[in-house]
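Below is one structure, written out as structure tokens; the observations come after it.
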Amino acid sequence: MVYYIDMIKHTATYILCFFSLCLFIPTNSFANKYQDTLYTVKTIVLDPGHGGDKPGARGAISLEKDVVLQVVLKLGKAIEAEIPGVKVLYTRTTDIDVELYKRIEFANAHKADLFISVHCNATPIRRIRQRNSKGKYYYVSRQDKTVRGTETFVSGFGRLGEQDAALRENADILLEENYQENYQGFDPNDPGSYIVFSLMKNQFRDKSIKLASLIQDEYVKSGRENRGVQEQSLAVLARAGMPAVLTEIGFLSNPNEETFMNSEKGQAEIINNLVQAIKAYKRQVERLQ
């Protein structure tokens with residue numbers, strides 16, 4: 001009996017959370033923007049992941065927060081130079097911490113037509129138990145440095161076995177003050193919270209997937225390893241009132257990719273990939289209307 005009472009309590013809690021979250025989902029105000037006028041890409045918000053005391057992934061010679069800031073600032077200039085009529089805004093232009101909910105809040109407030117968050121990947125460091133010559137056990141840290149490639153995420157609820165990236169990115173929430181208040185009780189350590197997150201509908205899912213696919217296509221044209229388009233419950237994308245993606249431009253844990261992402265040539269290639277994808281996306285969505 002106690003078990004069933006607890007189940008009812010938990011169910012009621014999730015239902016209440018769902019209706020509370022509905023109040024925060026950008027619906028009519030942003031939907032009308034697309035219904036009343038033709039959808040054109042005029043404003044793009046670029047988001048360099050992490051920043052300040054949240055460095056993100058660590059490589060041998062660089063930090064994610066620094067690499068993505070370099071790429072994003074160059075990307076913004078390239079977009080405005082190569083795509084006439086498009087204005088670029090940034091969630092940060094220096095090494096500062098911007099809370100995740102404020103990043104997408106900024107994009108919503110400026111009625112952005114696209115939101116692109118740029119990140120670097122890294123494989124996890126694992127502790128492995130080994131035995132020495134005397135039969136005693138000890139632990140060593142190991143990281144797979146062979147994994148490489150790019151992947152681009154759209155908002156959604158992935159299967160449990162595919163949530164590594166979501167958990168890694170959402171872990172920044174715990175470093176923010178009042179995170180439970182800011183995210184309406186969402187706790188990345190509580191699997192039940194993902195049930196609530198999965199109920200948050202993204203009206204722009206199809207366009208997000210289209211943009212993500214075009215980005216991955218461009219990476220592949222340049223010979224990058226394709227890890228595909230993924231659907232995950234990433235907090236930075238959850239409340240987007242526009243097509244929104246998070247793209248991982250490579251693995252800092254891979255020495256070759258880290259060198260590539262820190263080089264002028266590598267950054268120029270990544271920027272060209274993203275600009276070409278945005279151009280193709282803009283042509284496609286505007287032509288279909």
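Quick notes
- Cβ-Cβ under 7 Å pairs, at least 6 apart or on other chains, region 102-130 side farther than 24 Å from L252 by Cβ and open to solvent by 60 Å² or more (accessible area, probe 1.4 Å), far side in a helix (DSSP H, G or I) and of a type outside the set (D, E): K111/K33
- Screening L38 on (1) surrounded by fewer than 18 Cβ atoms within 10 Å (Cβ to Cβ); (2) of a type in the set (A, V, I, L, M); (3) at pLDDT 95 or above shows it passes everything except condition (3).
- Hey, E248 in contact with a His (Cβ under 7 Å, 6 or more places away or on another chain) and either of a type outside the set (F, W, Y) or at positive phi (or both) or not: yes
- Failed criterion for D144 (all others in (1) in contact (Cβ under 8 Å) with a residue 60 or more places away in the chain; (2) open to solvent by 30 Å² or more (accessible area, probe 1.4 Å); (3) under 30 Å from A280 (Cβ atoms) hold): (3)
- All positions within region 57-84 that are open to solvent by 70 Å² or more (accessible area, probe 1.4 Å) and either β-branched (V, I, T) or farther than 22 Å from E258 by Cα (or both): I61, K77, E80, A81, E82, P84
- Beta carbons closer than 6 Å, at least 6 apart along the sequence or on distinct chains, pair a first residue in region 39-59 that is on the phi > 0 side of the Ramachandran plot with a second that is surrounded by fewer than 16 Cβ atoms within 10 Å (Cβ to Cβ) and not acidic (D, E) for G51/I96; G52/I96.
- Meeting the requirement of 1 or more residues that are modelled with pLDDT of 95 or more and closer than 21 Å to H50 by Cβ, the strands (runs of 3 or more DSSP E) wholly within region 84-168 are 87-90, 114-121, 150-155.
- Q276 being at pLDDT below 95 and open to solvent by 30 Å² or more (accessible area, probe 1.4 Å): no
- Of the criteria (1) farther than 30 Å from N254 by Cβ; (2) in contact (Cβ under 8 Å) with a residue 40 or more places away in the chain, which one V72 fails: (1)
- Criterion: surrounded by 15 or more Cβ atoms within 10 Å (Cβ to Cβ), among the charged types (D, E, K, R), in a strand (DSSP E or B) and at pLDDT 95 or above - qualifying residue of E248, E231, E218: E248
- Residue check, E82 of a type outside the set (G, A, S) and in contact with a His (Cβ under 8 Å, 6 or more places away or on another chain): no
- Among residues of region 202-256, those that are in contact (Cβ under 8 Å) with a residue 40 or more places away in the chain, under 23 Å from D144 (Cβ atoms) and not β-branched (V, I, T), counted: 19
- Given (1) small (G, A, S); (2) closer than 22 Å to I215 by Cβ; (3) assigned to a loop (DSSP other than H, G, I, E, B), index of the condition G76 fails: (3)
The values are calculated or read from the model by the stated rules, or taken from the named source; none is laboratory data. These figures come from a predicted structure and were not determined experimentally. Backbone-built Cβ (ideal geometry, glycine too); neighbour counts: all protein chains shown. To get the accessible areas, we keep the full protein, side chains included, count just its heavy atoms, and leave off ligands, DNA and RNA. Shrake-Rupley method; radii C 1.70, N 1.55, O 1.52, S 1.80 Å.
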